[in-house]
Amino acid sequence: MSKKSLSYQNNKSLLSVIKEKGIAFFINVANVVDYLKNITRNLFSNKFEFQEFLKQCYQIGNKSVGLISITGIIIGLVLTIQSRPPLVEFGAVAMLPGMVAVSLIREMGPVITALICAGKIGSSMGAELGSMRVTEQIDAMEVSNTNPVNFLIIPRVLAATVMIPILTLYADAIGIFGSWLGVNIKDDVSLQLFITQAFKSVEFIDIIPAIIKSFFFGAVIGLVGCYKGFNAGRGTESVGIAANSAVVTASLLLIIVDLIAVQITDLL
């Protein structure tokens, strides 16, 4: 076989691969648009599953408190321990509480909390709905005239949207407490004095954008986790693929949303 024919076959196979990938991409885009359209249409229906919403709030909020507590304390400790030496050199140790508080409230608290919840909650949603798809429970709901979007997706998305900002505020408070513990490794500062110094540097414009973007973080985690699980394949390996894909996709989208939020906040 000549080199010319080999080159032609290689180019043909490359074009076929590009064509397949392009078709798969547009199919995925169409599926996402249809998924969002179904959620929007059913979101304002009268059949809101309030009990399921409360259950999902408990699953997302209460069962994440321990992990968020440990993470928040560690973030506060690390920020304080790493930031203290340069401030000591410039004689600006008194600025440490305010600097840590602003860093936690504006960026570290919302982003770290969202990434942790993407790993814990997003994977859980993907695995749970994926297993329901594999065992044909979702198909059974559709056959029995039960809308799976109303019962499975909307309560989870709304619960994540509501609970992630609450967990973020809790993580900020725990992080400030961890910072106080870090300061007291070398110094002796009362908790009341530390909190007073911390919130002298915090302004209203620091808190509101962080809370607003936390709502978007929660919506992204809920939408991605439910989408990956709801559209999982039929094989048992699809459950693991859905859970893993939910974490990776949600984490990437969270970084993108945070980038956009930072740009908008910078304009204010």
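The values are calculated or read from the model by the stated rules, or taken from the named source; none is laboratory data. Being a predicted model, the structure only gives us computed values, none of them experimental. Neighbour counts run over all protein chains shown; Cβ positions are idealised from the backbone, glycine included. We work out accessible area using only protein heavy atoms, side chains counted, and drop any ligands, DNA or RNA first. Shrake-Rupley method; radii C 1.70, N 1.55, O 1.52, S 1.80 Å.
Being among the β-branched types (Val, Ile, Thr) and surrounded by 11 or more Cβ atoms within 10 Å (Cβ to Cβ): is that true of Ile75 here?
So Ile75 fits the description; yes.
Quick one: which helices (runs of 4 or more DSSP H) lie wholly within region 123-212 and hold at least 3 residues that are open to solvent by less than 10 Å² (accessible area, probe 1.4 Å) and either out of contact with any helix residue (DSSP H, G or I) (no Cβ under 8 Å at 6 or more places or on another chain) or not aromatic (Phe, Trp, Tyr) (or both)? It would help to see each step written out before you state the result.
Details: elements: 123-134, 137-143, 154-186, 191-200.
Correct list: 123-134, 154-186.
Between a residue in region 37-62 that is farther than 12 Å from Leu152 by Cβ and in a loop (DSSP other than H, G, I, E, B) and any residue that is modelled with pLDDT of 85 or more and open to solvent by 40 Å² or more (accessible area, probe 1.4 Å), which pairs come within a Cβ distance under 9 Å, given they are 6 or more apart or on different chains?
Filtered contacts from region 37-62: Lys47/Phe151; Phe48/Leu158.
I'd like to check something: does region 94-106 contain any residue that is among the charged types (D, E, K, R) and within 22 Å of the chain's Cα centre (by Cα)?
Here is the first cut: in region 94-106, the ones among the charged types (D, E, K, R) are 106.
With within 22 Å of the chain's Cα centre (by Cα) added as a condition, the list becomes 106.
Yes: one or more hits.
Which is part of a helix (DSSP H, G or I), open to solvent by less than 30 Å² (accessible area, probe 1.4 Å) and either touching a helix residue (DSSP H, G or I) at 6+ places or on another chain (Cβ under 9 Å) or small (Gly, Ala, Ser) (or both), of Ala94, Ala118?
On the way: Ala94 fails: open to solvent by less than 30 Å² (accessible area, probe 1.4 Å).
The unique qualifying residue is Ala118.
One residue is enough: does region 226-235 have a residue meeting the conditions open to solvent by 30 Å² or more (accessible area, probe 1.4 Å), touching a Ser or Thr at 6+ places or on another chain (Cβ under 8 Å), part of a helix (DSSP H, G or I) and farther than 19 Å from Ser103 by Cβ?
Yes, some residue in region 226-235 is open to solvent by 30 Å² or more (accessible area, probe 1.4 Å), touching a Ser or Thr at 6+ places or on another chain (Cβ under 8 Å), part of a helix (DSSP H, G or I) and farther than 19 Å from Ser103 by Cβ.
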